[in-house]
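Submitted below is the structure of interest, expressed as structure tokens.
The values are calculated or read from the model by the stated rules, or taken from the named source; none is laboratory data. If you're wondering where the values come from, they're calculated on a predicted model, not measured in any experiment. Cβ sites come from the backbone with ideal geometry, for glycine too, and all protein chains shown count toward neighbours. Side chains included, ligands, DNA and RNA excluded: accessible areas come from the protein's heavy atoms. Shrake-Rupley method; radii C 1.70, N 1.55, O 1.52, S 1.80 Å.
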Amino acid sequence: MTLPPLPEPQVHNASLEAGDWLTQIKPLISDVSVHASEWWEAVLKETDKQYQQWLTAAPLDKLKVTPPNTEQLVQGHERLARRIAVLLMQALPPGLRQEMVSARQMDAPSILFRIYKTYQPGGLAERRHTLSQLTNTATAATPTEAVASLRLWRRQAQRATELKATMPDAVLQVRALTAIMEGLLAKDSQAS
């Protein structure tokens, strides 16, 4: 079994894609063993707690925030933890994988914490980017582009709700959606 590859941190919408990736791997990891689902939930919970602490820490204090206590999380699940760590390492982009090897942090909680810190799902940058994407859109040149843009816009709106961000004014949202379609609608009055 392999996990889907995690996209590079530099790609457009990296935080959103990392969040989707974490959602996508959950059932795969849960299928590794009988206790994998419960163990993974505990790892996610502890890692998210450390990540929230890291997000709110001052710049110098961020250096002091460490991954969750691996020994405590792994106790009684050593083999499962090793299998999950191998799966996670294989799914990482090469640069991130090399960082983990160099830092000698190759256990599942440390890998997950590094993913959180690198992609920063739910962080200030993702919030800013998500809200910007809801109001600033480009005109689609083809119907296929329009469908892709509308789906991405809807996904961004869902993500803003997940982040508990205040949605932009409805007028701005309508203007953004109109901007996607205006080129196509101008070409075809029947579609308009």
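Measuring with a 1.4 Å probe in the full set of protein chains, what accessible area per residue, in whole Å², belongs to region 1-68?
With the other protein chains kept in place, region 1-68 gives 58 Å² per residue.
When the dipole is taken about the Cα centre of region 38-124, and only Lys, Arg (+1) and Asp, Glu (-1) are charged at their Cβ, what size is it in debye, to the nearest 20?
The dipole of region 38-124 has a size of about 240 debye.
Something else now. Restricting to Cα atoms and excluding each atom paired with itself, what does the Kirkwood estimate give for the chain in Å?
18.7
Oh, and also: What do you reckon, how do 169, 61 stack up by accessible area (1.4 Å probe), largest on top?
Result, largest first: 169, 61.
Okay, next question. How big, on average over all directions, is the shadow cast by the Cα convex hull of region 23-127, in nm²?
Result: a mean projected hull area of 6.8 nm².
Under a Cβ-only charge scheme (Lys and Arg +1, Asp and Glu -1), can you give me the dipole magnitude of region 61-192 about the Cα centre, in debye to the nearest 20?
280
Where the accessible area of region 56-168 is counted over protein heavy atoms with a 1.4 Å probe, how much of it, in %, is carbon and sulfur?
It is 54 percent, rounded to a whole number.
At each listed q (0.14, 0.20, 0.27, 0.30 Å⁻¹), what is the log10 of I(q)/I(0) that the Debye formula gives for region 87-126 modelled as equal alpha-carbon point scatterers?
Relative scattering, expressed as log10 I(q)/I(0), comes to -0.29, -0.56, -0.90, -1.03.
Something else: Measure nothing fancy, just the Cα-based angle from helix 36-56's long axis to the longest principal axis of the chain, in degrees from 0 to 90, nearest 10.
That works out to roughly 70 degrees.
Then there is this: Calculate, axis by axis, the spread of Cα positions in region 10-72 along the three principal axes, and write the results as whole Å, longest axis first.
For region 10-72, the Cα spread along each principal axis is 41, 35, 14 Å.
Tell me, what is a quarter of the convex hull surface for the C-alpha atoms of region 99-192, in nm² with one decimal?
8.1
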